[in-house]
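**Q** Below is one structure. I have some questions about it.
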Amino acid sequence: MNVAARILLVEDNRLVRETLSVSLTSLGYHVLVAEDGEAARTILAGPDPIDLVFTDFFLRTGPNGAQIAAFARALRPSIKILFTSGFAADSLRDRDGVGPGDEFLMKPYDLDALRSALGRILG
């Protein structure tokens, strides 16, 4: 039996968060949802298995995406990270907390681009 990958979605825009949660579920993933960086840290510190953190790079309050990624890797070294942002990935790669294997998905993107990125990262 195939077990769906578990994705922690971190997005502070309610409409985007709800839309992405539905999209990820439709692609067959199990989705945990955090509305900000503090909620993401709480989930990451909990017992639920998580294969990938999919986070907006810039969040309005609390820890940003890179800080969430660093926290996630400290607790779960094998976790995968997928950032999304409307800013060019090259301008974000050198920020503290961004790892060499982390992936970026430029906004706006469609369901096919999301599916492709997740397939590439999760194998």
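**Q** In segment 27-82, how many residues are touching a residue at least 12 places away in the same chain (Cβ under 8 Å), part of a helix (DSSP H, G or I) and β-branched (Val, Ile, Thr)?
**A** Result for segment 27-82: 2.
**Q** Restricting to segment 35-49, count the residues that are farther than 16 Å from Ala4 by Cβ, of a type in the set (Asp, Glu) and surrounded by fewer than 16 Cβ atoms within 10 Å (Cβ to Cβ).
**A** 1
**Q** Right, here's the next one. Those residues that are under 15 Å from the mean Cα position of the chain (by Cα), at pLDDT 90 or above and not in a helix (DSSP H, G or I), I need them from segment 106-123; list them, please.
**A** Tyr109
**Q** Starting from segment 92-109, take each residue that is buried (at least 17 other Cβ atoms within 10 Å of the Cβ) and list its partners that are modelled with pLDDT under 55, counting only C-beta distances under 7 angstrom and pairs at least six apart or across chains.
**A** Sorted first by the residue in segment 92-109, then by its partner, the pairs are Val98/Leu92; Phe104/Ala89; Phe104/Leu92.
**Q** Oh, and also: Within the group Leu52, Leu32, which residue is crowded, with 17+ Cβ neighbours inside 10 Å and in contact with an Asp or Glu (Cβ under 8 Å, 6 or more places away or on another chain)?
**A** Sole residue among the options that is crowded, with 17+ Cβ neighbours inside 10 Å and in contact with an Asp or Glu (Cβ under 8 Å, 6 or more places away or on another chain): Leu32.
**Q** A follow-up question, please. For Ala74, work out the one condition from (1) farther than 17 Å from Thr25 by Cα; (2) within 14 Å of the chain's Cα centre (by Cα); (3) modelled with pLDDT of 95 or more it doesn't fulfil.
**A** (2)
**Q** Any chance segment 79-94 includes a residue that's over 18 Å from Glu11 (Cβ atoms) and either at pLDDT 95 or above or small (Gly, Ala, Ser) (or both)?
**A** Taking every residue of segment 79-94 in turn, at least one turns out to be over 18 Å from Glu11 (Cβ atoms) and either at pLDDT 95 or above or small (Gly, Ala, Ser) (or both).
The values are calculated or read from the model by the stated rules, or taken from the named source; none is laboratory data. Everything numeric in this text was worked out from a predicted model, so none of it was measured. Methodologically, a virtual Cβ is constructed for each residue, glycine included, from the backbone with ideal geometry; neighbour enumeration extends over all protein chains shown.
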